[in-house]
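First comes the structure, then the notes that go with it.
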Amino acid sequence: MKSRISPLMWPVLLLASPVLVPRMLFRNRVFKKNRSRAEILNRERIDQADALELPELDYLELTVLVDEKARKSFRGDPGVSYLVKTDLGTLLFDVGFGPESPTLAHNAVEIGTDFSETEAVVISHLHPDHMGGMTAFQSSSVQIPQELDSLRGKPCFLPDAAEADGFDADVVTKPKMLTAGIGTTGPLARSLFFLGLCEEQALVARIRGKGLAVITGCGHPTIEVILDMVRHLSHERIYAIVGGIHFPVTASRSQRRGIQVQMFFGTGKPPWQRIDDDDLSRTIDHINEAGPKKILLSAHDTCDHALGRMADELDAETVVLKAGETYRL
């Protein structure tokens, strides 16, 4: 298990402690307040959710444009971008690091993706690895590489207030139908220590003769909360869970200045606590209770140790997503 902070950083942190300690105490107060707020928001949203009229889809295909793992000749990134195609249309779910990384454009060209046929863009949540990079995050504005310019002018469904230059921005406030026969859970909240209150939406679709497919970006609200919402949107059984569930138990995919990024950011815990195997065991049990037949896991925010445990302990057929691959549900 990797140390979350390089020992080389410890002297720096010690010297900075007179400034850091008061800031951490302040952040912890905000974090606790947001945690209570998130619980209330999610409970209200789930209780008030109306059923979605999800059409029966003949099929759903998910092509991975950006993820940590990748096929040969494709690039990997600790981010997410999925092209979701059904018999009723196509949408793009997240844009990875956008123009700040060559990955999305390279992989789209390698696959031969024609974005002119894509009807809309959906952003799961407003973090750099999903909305187009650090500049996009800092400016709260979705950004895409030039190679995807044919998407401009189309709807961009957002889970929280943000700019989406060149798009028809639509801030989602509750569960609703989007396009291609796919619905959204609407925003669900999670308190993150350093990043504040995070609003994230997941996709849900109904596949003929099989059940519901649930597609997440990072799963920050937790898969437990997401599935709770999905059960209020449809009485169909859960057939597939796809995407990220954020379990960097032993290591992070990203490291900056000696810090294991995912092990600090996005766990829903203060920095002096770490996400651990007990947390993972509870989530595995919850997924098994939900009874899906297929699990397609993103490695962008989950370590190999956690991926391995889930492959061994989940009752469902479990695979790890790879950029360049298309998965048919």
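Since only 238, 161, 30 are under comparison, the one whose Cα sits farthest along the positive direction of the charge dipole of the chain, derived from C-beta charges on Lys, Arg, Asp and Glu, is 30.
Ordered by the number of other Cβ atoms lying within 10 Å of each residue's own Cβ, fewest first, 327, 82 fall into the sequence 327, 82.
Show log10 I(q)/I(0) for segment 197-324 at q = 0.09, 0.21 Å⁻¹, two decimals, from a solvent-free Debye sum over equal Cα scatterers. One equal scatterer on each Cα of segment 197-324 leads to -0.25, -1.29. Please go through the residue pairs 176/210; 85/322; 72/174; 85/294; 33/174; 33/85 and name each one whose alpha carbons sit more than 28 Å apart in this structure. As for pairs spanning more than 28 Å Cα to Cα, those are 72/174; 33/85. Per-residue ellipticity at 222 nm computed for the chain from its helices equals -9000 deg cm²/dmol, with DSSP H segments shorter than 4 residues left out and the rest contributing -39,500 (n - 2.57).
For residue 311, neighbours were defined as the other residues whose beta-carbon sits under 12 Å from its Cβ, and their charges (Lys and Arg +1, Asp and Glu -1) total -4.
Sequence-distant or interchain residues sharing an amide H contact under 5 Å with residue 160, placed H: which? Those qualifying (amide H under 5 Å, at least 5 residues apart or on another chain) are 172. Seen against the Cα atoms of the chain and their longest principal axis, helix 10-48 is set at about 40 degrees.
Straight-line cross-link partners of residue 32 among the lysines, defined as a Cα under 23 Å from its Cα and at least 8 positions apart when in the same chain: 269.
Listed values for segment 113-129 are Karplus-derived 3J(HN,Hα) couplings in whole Hz (6.51 cos²θ - 1.76 cosθ + 1.60, θ = phi - 60°), namely 6, 9, 6, 5, 8, 7, 8, 6, 10, 10, 9, 5, 7, 8, 10, x, 7, and x replaces Gly and Pro. For segment 242-328, the share of DSSP beta bridges that are antiparallel, to the nearest 5, is 25%. Apply 1/(1 + (r/R0)^6) to the Cβ-Cβ distance of residue 32 and residue 135, taking R0 = 45 Å, and write down the FRET efficiency to the nearest 0.05. Working from the Cβ atoms, E equals 0.90.
Taking the DSSP beta bridges with both ends in the chain, the antiparallel portion is around 55 percent. When the chain is described by a simple charge dipole with +1 on each Lys and Arg Cβ and -1 on each Asp and Glu Cβ, the residue from 182, 298, 252 located farthest towards its positive end is 252.
Rule-based calculations on the coordinates, nothing more; no lab input. Keep in mind the model is a prediction, meaning the values are calculated, not measured. Here Cβ is always computed from backbone atoms with ideal geometry, including for glycine, and neighbour counts include all displayed protein chains.
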